[in-house]
Amino acid sequence: MPSSDWLLQGLTVCRRCGYAYYGKRAPRSREYDPANTLRYCRCIRADRYRSSGHSVCDNPAVRRDHLEEAVWDQVKGLRIPPPPPSSRRNPRAG
């Protein structure tokens, strides 16, 4: 999965172990159809093949759409005031 395909790439970490999450796709059914896949975020230490056949972290995967929705809800709740007029750049002052 290209990093540009995942908005939160590099910004999310596992709550249990602190390692990075990465994006993973899984088909909704046994017949693979790229248009019909679910996207998940998964802890990098939860993969067995990365650590000699056993997972180091047991944190379950999270559906990416649910995670992104929760993050956007938090961002929308922020009230960031605009900078004061004196700190704004005047394009005419050049």
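Observations
- Annotation for residue 17 and residue 74: the two label points, set 7 Å from Cα along the Cα-Cβ direction, are 2.1 nm apart.
- Exposure ranking of 68, 31 by accessible area [1.4 Å probe, largest first]: 31, 68
The values are calculated or read from the model by the stated rules, or taken from the named source; none is laboratory data. This one's a predicted model, so the numbers in the text were calculated from it and none came from an experiment. With ideal geometry, Cβ positions are generated from the backbone for all residues, glycine too; neighbour counts draw on all protein chains shown. Accessible surface areas use protein heavy atoms only, side chains included; no ligands, DNA or RNA. Shrake-Rupley method; radii C 1.70, N 1.55, O 1.52, S 1.80 Å.
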